[in-house]
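J.: The structure that follows is given in the form of structure tokens.
The values are calculated or read from the model by the stated rules, or taken from the named source; none is laboratory data. Not measured: the values here are computed from a predicted model. Using ideal geometry, Cβ is built from the backbone for each residue, glycine included, and neighbour counts are taken over all protein chains shown. We work out accessible area using only protein heavy atoms, side chains counted, and drop any ligands, DNA or RNA first. Shrake-Rupley method; radii C 1.70, N 1.55, O 1.52, S 1.80 Å.
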Amino acid sequence: MSLKNNGIISEGDTALAYSADQKRYHTFQVKICTSVRLWKHTVNTEGAIGHYYGSRFVIRGCSLELFDPNKLEVRLEQQLPSEDNDNRNLLDVASNQKYSTEDIQELKENELAGEQLITEIISGSNTFNEKSQFSKQKYLTRKRAKHLPVIFIYRPSLRHLSLMHYHLRPEKIGFLRIDTLSLLLSLANVRYGSRLLVVDNFGGLVIGAVLERMGGGGRLVELFTTEIIHPRPVLSSFSHLSSLHWECLSAFPLRRLARLREYPQTPQLSNSEQKTNNTAQQPISSLQQSADSLEESSIIEIDVNITQNKSETPLFEEQHDHTPPKEDRYCTARELLIEGEFEGIILASKHDPVPILEACLPFISSSSPLLVYCVFPELISNCNEYFHSSNNIILKNLTTSWLRAYQPAESKLHPEMMSSSCRTGYVLSGVRVKTYTVTPTQSIVTPEADAGEERSPDSKRAKLL
Amino acid sequence: MSLKNNGIISEGDTALAYSADQKRYHTFQVKICTSVRLWKHTVNTEGAIGHYYGSRFVIRGCSLELFDPNKLEVRLEQQLPSEDNDNRNLLDVASNQKYSTEDIQELKENELAGEQLITEIISGSNTFNEKSQFSKQKYLTRKRAKHLPVIFIYRPSLRHLSLMHYHLRPEKIGFLRIDTLSLLLSLANVRYGSRLLVVDNFGGLVIGAVLERMGGGGRLVELFTTEIIHPRPVLSSFSHLSSLHWECLSAFPLRRLARLREYPQTPQLSNSEQKTNNTAQQPISSLQQSADSLEESSIIEIDVNITQNKSETPLFEEQHDHTPPKEDRYCTARELLIEGEFEGIILASKHDPVPILEACLPFISSSSPLLVYCVFPELISNCNEYFHSSNNIILKNLTTSWLRAYQPAESKLHPEMMSSSCRTGYVLSGVRVKTYTVTPTQSIVTPEADAGEERSPDSKRAKLL
Amino acid sequence: MNSKGYKSKIKLNDTVILSDQDGLQSITVQPGESVQSRNGVFLHSDMLGKEYGSKMWSNKGKTYRWALHPTPELWTLSLPHRTQILYTPNISLITSLLELIPGTSVCESGTGSGSLSHAIARTIAPTGHLYTYDFHAERVQQANDEFTAHGLSELVTCQCRDVCREGFNVENYVTAIFLDLPNPWEVIPHCPKSFSPGYSRIVSFSPCVEQIQKSCIALRESGFIDIQMHECLSQQLQVSSCRITEARLDESTDKREERHVLSVVPRLCMPSHTGYLLSASYIKCNVHDL
Amino acid sequence: MNSKGYKSKIKLNDTVILSDQDGLQSITVQPGESVQSRNGVFLHSDMLGKEYGSKMWSNKGKTYRWALHPTPELWTLSLPHRTQILYTPNISLITSLLELIPGTSVCESGTGSGSLSHAIARTIAPTGHLYTYDFHAERVQQANDEFTAHGLSELVTCQCRDVCREGFNVENYVTAIFLDLPNPWEVIPHCPKSFSPGYSRIVSFSPCVEQIQKSCIALRESGFIDIQMHECLSQQLQVSSCRITEARLDESTDKREERHVLSVVPRLCMPSHTGYLLSASYIKCNVHDL
């Protein structure tokens, strides 16, 4: 569970670069000789090696240098607000800066080192000294961000990956914002040793997050709704998870759940599954293929990395490396499902969740949390009706999460003026209990106790176990 | 337009009492001899007469006294935060106060005047001096609110009435919170001289608000969806409006709009309308009847007031007082509708807005704002589709409003911890333009220009005018 | 813009709002003038006599604009930004918090780009008056030009003045004051002298928490009561049509139900803060002193 | 509660959460003990051997409780409030912002009612450790009793200490610190010494703006980086079934279409603020000094 290399950036690591100015992440591989593209900059990342993850670096030309705030040469004197200028005499004209863009480019090419460049630009501004303190600081910050960008280098983690994917392609992860995703993990009581069912139509973000929280102990059975398991770039980006983590994961096709309930001991293969297995024979090429079809360069990068270093990310290792017999492809998941007694489910699906939930309930032990996540209100309202008409779901709660980021600048505290993460989906939660049992005193029979009895999961489970 | 009595509280006025502690309003009539019930207190309101509206009063026993913050005897010394107690040694036990509830009642009955009572209660607290400054202040505030409640007396206004009705029965006014209502008024360009169509299924709050903003100049034609106009407690509470204001209002049954378009000049009465007029013969009794059926005492009060002083609130005066011939009941509205050229519509309805809007569009002049307010997303999404498929509505915008109240206490600034006004509806806005005209250059024909032509309101209006 | 009432046909010297997909633009119709666009020219003279709400085609017939009647709301979307401006969701709440009605007299500072000024003038017309101040001389000039062009000059007095130092040059007259200033707490002590006797309202708009904190203290110290603080945001929504399929739950059939539903969902990206609204009441010299 | 793993049957000394319509209640199953209710008594001994999630009837058969397996989330809803507590929407975001995983070591102050402590312990089990502090001796005692009852005593160390004056008594060890204190800025300067070398996280929860402002300055002055501030609220929703009728639009017919739709709408009344979350990173002594 301890950090690889004590959390020190090392050659060959997959790392995240983060620009606080742009609020953007970029995945890259730490290498000594090769340069990587970080937004507009082509950078040799060698300078980061040996420093701790989480450190800040300045992009100075083509190299990375540890950022030291004490080395900033240009500093603003603190002024009392009453002495401050108030911009009232400033006019917004281009002639305020004596250096043109070309001039500044030339200054840069003359290898005017970092802060000296900033000093020069400020001396070129006619209006700098007339600006208010606040405007001066803003000017300085803007110029630094442009000419001496500072980046953070992070080790991938649930926090960073969820922020990154939401920012890159929120619709691909079903608008599962960090607060919503975290809520699902808490309410599902995900922990070391969990035994969970997960349906994840959102690129595998939920699966990756659950695996991180299981920390290499526990059982996650993914019930996939597709014909085969497609390689998922979001899940692949959890490159910090070890083989111990990945071993917790097994998968089973949702469409075979019904048959499993009826004939748990006869794992016969259908035609479609044989086809599936054929596809599974070329895991690397299909991963590659999928990566090629993506538009986001940073995502491609990490996919390629994983493909190249597949020993480090043994996704479904038992199939890929041990080449098990075909009929054993879903063997682990099947055995777990036959055992049943899952301690909860996270159902994050694009499909109508009600039939999926009904199919899964028999495998979930009583007193376990049920979590349903939907992007659209129509789906969640149907599921909410189902929860309320069911006699074995209690503590029902329907929420959506609201997250607001603030600008905690000194003496200018306010929420962010624009947010690009206003949208998330709906979380419906409940706790599965044992189906209604009739007591001698029949006085309290709930009115909904009609249809519920028929689809009672317990009776089905009794058959199964 | 100037204030009655220069804004001084006068005998016979209908006023609003407001308790800032409870955030609750209460309507009452200012009278010299009679007592009114203000929440738990029976109060003679004579003490308020002669003071300005907006002033604060203390309820001291049975009478109202102007509140003077300088007369507060118990004051807390300001302490530096570092010297402050931090409650760490406080235990929450009942024995902390030496006076029982009965004791305090006795102190009150002994006519211990106002602040002296507070002093006595504080001296009876064993833990008061151990509390932190913040807790002391909280304790004091709580005791004062209980034993010496302060109320504001306000003249009714859009601000106060919208807060009052939202608090009393938000569902009756369709969750039209002050921010949402204000947005409708702005976007509909309501002003002195406006010429507006309004559909208001929410107790008349929109109508009252529009009349206040018209300030006695303009034309508001209410298109009502019911068989007859029912007396509406919310509209009645706009008791500050003068006869000049009410004269701007006329009403017409929505179900007769279609016939009006076809035969504008022949106002024949249908059976149902004759029935309507019979009902209109007993305006007072029906108003009373409706008031009796209400549960909110404050609302009853104002209704009764209005019934008793009907000369002051001449709602549909032309019918009630001048007893016009039956066929003239909707005469004013009919003439206005035949003229057409309304400068906008506010459609705040429980019904599907699309057919209503379609029926109203012919009467609305081009370049006019269209405002639709709905409580349920399903209705607004349909109407949004209609807006987008129409070729004579531009600048379409769908929003909901978010309002947050803060507790601006000194050095303890934070949003209110609980809000009882989290819900409002959806506002869809657009601007009606002239129907698509085909130009010689047919290059830019929008794909939706199909069905729209048929229901073109302009062609119908041409027939009408 | 408003006081003249609604006109149905475009006339010379009218302010007209031109609308296309990309936004709004305000023009004053002048002989010989025109609006340039990438796909052709719109001659002002072509608009004369046309009904408001008409579609105007460019001379090449390749693009069009809607010619709209001005309203304060359209003006707010089309005006030249000289400063950060207030938008309609805040403007409308401010109007209600100030309890503006036809006839109210109001002080406002700063004038800024005049977005709120137009909405105030609309609401207090025809008998109210707006005194609006800005310390930036150039802005005052531009605002005055606009008020004149929009026919509001009788309703609005716009002056260049540093109200933080000098207060308003209006005494015992207004019943509503609006502040949108970097240091509102400096002008708050000057406000009571401008109020007419009786009940008046103040609203101050500030983007940052610190401004609210200082203003709140100033309001209390200056004798304001019923101090409240609000934040109002317009949540932008979209209606998305989504295809909902059933997941395949067994191997016997591949036929799955599919339906389309319309969902109202928030937009991904929208303004998440504009500013805080601090509001309060003031009662000037009670007639009786008990 | 967690480290023992999930059990299917109720045993002696188990913590069981009893749920009815009105809320949750936590008990420790003891021989001879019982839970009283208006409609009868629930004997602890009746629960022994029952499956978690079973419905327990009172001795008179008139009312029931669901006997639930404890989780930190159910515990949060059932625990005895000694202080204002954190609820699951904030707890879950804090867990992610602190980047907690199995194995993380954490400092927390104050312990309060232990709502967050249980969630932290669940997430960092089995190899992490939580050091939690409160200045209120009685609370520390109660919290320790609960940690023991819930089988968390090996994961959690709860101590009585004024961390604002003395800091934490853990050095170079933890990678996450959580603060929920009236004066968080007093303890922030003490935090770096408790961090292990490398990358660590801090989150501070405060209801008031002033606390955030001071904490923010303290974080900056103590060398924290990547300072961020968030507010997270759970918006409670309800599904209401509404009847939609067409308005009558002509006099020829009285038949109007009517349909029922399910709408997801916000509740009228809900918590509108809990607190602000200030988060930051700290990098302790880089191994190389360039």
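J.: Take the residues in segment A:25-48 that are in a strand (DSSP E or B), away from chain D (no Cβ under 14 Å) and touching a helix residue (DSSP H, G or I) at 6+ places or on another chain (Cβ under 9 Å); name whichever of them is surrounded by the most Cβ atoms within 10 Å (Cβ to Cβ).
T.: So, considering only residues that are in a strand (DSSP E or B), away from chain D (no Cβ under 14 Å) and touching a helix residue (DSSP H, G or I) at 6+ places or on another chain (Cβ under 9 Å), the one surrounded by the most Cβ atoms within 10 Å (Cβ to Cβ) is A:THR27.
J.: Go through segment D:48-80 and give me each residue that's more than 10 Å from chain A (Cβ to nearest Cβ) and over 20 Å from D:GLY32 (Cα atoms).
T.: Selection gives D:TRP75, D:SER78, D:LEU79, D:PRO80.
J.: Among C:ILE177, C:ILE202, C:ILE212, which is touching a strand residue (DSSP E or B) at 6+ places or on another chain (Cβ under 9 Å), assigned to a helix (DSSP H, G or I) and surrounded by 24 or more Cβ atoms within 10 Å (Cβ to Cβ)?
T.: On the way: C:ILE177 fails: assigned to a helix (DSSP H, G or I); C:ILE202 fails: assigned to a helix (DSSP H, G or I).
Exactly one of C:ILE177, C:ILE202, C:ILE212 is touching a strand residue (DSSP E or B) at 6+ places or on another chain (Cβ under 9 Å), assigned to a helix (DSSP H, G or I) and surrounded by 24 or more Cβ atoms within 10 Å (Cβ to Cβ), namely C:ILE212.
J.: Output the number of the condition that C:GLN213 fails; it satisfies all remaining conditions of (1) facing chain B (nearest Cβ under 7 Å); (2) within 30 Å of A:GLY174 (Cβ to Cβ).
T.: Answer for C:GLN213: the failing condition is (2).
J.: What are the residues in segment D:5-14 that are modelled with pLDDT of 90 or more and surrounded by fewer than 19 Cβ atoms within 10 Å (Cβ to Cβ), if any?
T.: Scanning segment D:5-14 gives D:LYS9, D:LYS11, D:LEU12, D:ASN13.
J.: Given C:LEU100, C:LEU68, which one is at pLDDT 95 or above, over 21 Å from B:ALA209 (Cβ atoms) and buried (at least 21 other Cβ atoms within 10 Å of the Cβ)?
T.: Testing whether each residue is at pLDDT 95 or above, over 21 Å from B:ALA209 (Cβ atoms) and buried (at least 21 other Cβ atoms within 10 Å of the Cβ) leaves just C:LEU68.
J.: Would you mention how many residues in segment D:92-140 are part of a helix (DSSP H, G or I), of a type in the set (A, V, I, L, M) and more than 20 Å from D:GLU154 (Cβ to Cβ)?
T.: Total satisfying the criteria: 4.
J.: Output the qualifying pairs, or none if there are none: Cβ atoms under 8 angstrom, residues six or more apart or on different chains, first residue in segment A:355-379 and in the same structural domain as A:PHE224 (by TED's automatic domain parsing), second residue open to solvent by 10 Å² or more (accessible area, probe 1.4 Å) and basic (Lys, Arg).
T.: If the second residue must be open to solvent by 10 Å² or more (accessible area, probe 1.4 Å) and basic (Lys, Arg), the pairs left are A:GLU358/A:ARG455; A:PRO362/A:ARG261; A:PRO362/A:LYS460; A:PRO362/A:ARG461; A:PHE363/A:ARG461; A:SER366/A:LYS434; A:VAL375/A:LYS350.
J.: Got a number for residues in segment D:134-165 being of a type in the set (D, E, K, R) and open to solvent by less than 10 Å² (accessible area, probe 1.4 Å)?
T.: Number of matching residues: 1.
J.: Right, something else. Which of the residues belonging to segment D:195-246 are among the aromatic types (Phe, Trp, Tyr) and under 19 Å from D:PRO271 (Cβ atoms)?
T.: D:PHE205
J.: Test each condition in (1) out of contact with any Leu (no Cβ under 8 Å at 6 or more places or on another chain); (2) under 20 Å from B:SER250 (Cβ atoms) for B:GLY340 and report the one that comes out false.
T.: Failing condition for B:GLY340: (1).
J.: Examine segment C:195-207 for a residue that is within 11 Å of chain B (Cβ to nearest Cβ), closer than 30 Å to A:ARG404 by Cα and in contact with a Lys or Arg (Cβ under 9 Å, 6 or more places away or on another chain), and state whether such a residue exists.
T.: No.
J.: Follow-up. Here are some residues: D:MET56, D:MET47. Which one is in contact with a helix residue (DSSP H, G or I) (Cβ under 8 Å, 6 or more places away or on another chain) and assigned by TED's automatic domain parsing to the domain that holds D:GLY23?
T.: When all the criteria are applied, what remains is D:MET56.
J.: Can you name the residue in segment C:270-290 that is modelled with pLDDT of 95 or more and over 21 Å from the mean Cα position of the chain (by Cα) and is also farthest from the other protein chains (Cβ to nearest Cβ) among such residues?
T.: Within segment C:270-290, the match that is farthest from the other protein chains (Cβ to nearest Cβ) is C:TYR282.
J.: Hey, among C:PHE168, C:PHE224, which residue is more than 13 Å from chain B (Cβ to nearest Cβ) and either open to solvent by less than 10 Å² (accessible area, probe 1.4 Å) or closer than 24 Å to C:ILE101 by Cβ (or both)?
T.: C:PHE168
J.: Scanning segment C:234-284 for residues that are surrounded by 14 or more Cβ atoms within 10 Å (Cβ to Cβ) and among the basic types (Lys, Arg), which turns out farthest from C:ILE94 (Cα to Cα)?
T.: The qualifying residue farthest from C:ILE94 (Cα to Cα) is C:ARG248.
J.: Could you list, in sequence order, all residues of segment A:422-434 that are more than 7 Å from chain C (Cβ to nearest Cβ) and open to solvent by less than 40 Å² (accessible area, probe 1.4 Å)?
T.: Start the filter on segment A:422-434 by keeping residues that are more than 7 Å from chain C (Cβ to nearest Cβ), which leaves A:424-434.
A:THR424, A:GLY425, A:TYR426, A:VAL427, A:LEU428, A:SER429, A:GLY430, A:VAL431, A:ARG432, A:VAL433 - these are the residues of segment A:422-434 that are more than 7 Å from chain C (Cβ to nearest Cβ) and open to solvent by less than 40 Å² (accessible area, probe 1.4 Å).
J.: Is it the case that some residue within segment A:153-167 is in contact with a Cys (Cβ under 9 Å, 6 or more places away or on another chain), in a strand (DSSP E or B) and within 14 Å of another protein chain (Cβ to nearest Cβ)? Let's see the steps before the verdict.
T.: Filtering segment A:153-167 for residues in contact with a Cys (Cβ under 9 Å, 6 or more places away or on another chain) gives none.
No, the conditions are met nowhere in segment A:153-167.
J.: For segment C:81-97: of the residues being open to solvent by 20 Å² or more (accessible area, probe 1.4 Å) and facing another protein chain (nearest Cβ under 10 Å), which is nearest to C:LEU179 (Cα to Cα)?
T.: For segment C:81-97, the residue satisfying everything is C:GLN84.
J.: Given the conditions (1) over 22 Å from A:ASN6 (Cα atoms); (2) open to solvent by 20 Å² or more (accessible area, probe 1.4 Å), which single one is not true for D:THR127?
T.: (1)
J.: Just give me the residues in segment A:394-414 being within 30 Å of D:ILE217 (Cβ to Cβ), touching a strand residue (DSSP E or B) at 6+ places or on another chain (Cβ under 8 Å) and aliphatic (A, V, I, L, M), in sequence order.
T.: A:LEU403, A:ALA405, A:LEU413
J.: Of all residues in segment B:168-214, how many are facing another protein chain (nearest Cβ under 9 Å), part of a strand (DSSP E or B) and among the β-branched types (Val, Ile, Thr)?
T.: The qualifying residues number 1.
J.: Across segment D:15-36, what is the number of residues that are more than 13 Å from chain A (Cβ to nearest Cβ) and open to solvent by less than 30 Å² (accessible area, probe 1.4 Å)?
T.: Adding up the residues that qualify gives 3.
J.: Sticking with this structure for a sec: Looking only at segment A:370-398, how many residues end up being in a strand (DSSP E or B), at the interface with another protein chain (Cβ under 7 Å from one of its Cβ atoms) and open to solvent by 10 Å² or more (accessible area, probe 1.4 Å)?
T.: Summing the residues that are in a strand (DSSP E or B), at the interface with another protein chain (Cβ under 7 Å from one of its Cβ atoms) and open to solvent by 10 Å² or more (accessible area, probe 1.4 Å) in segment A:370-398 gives 2.
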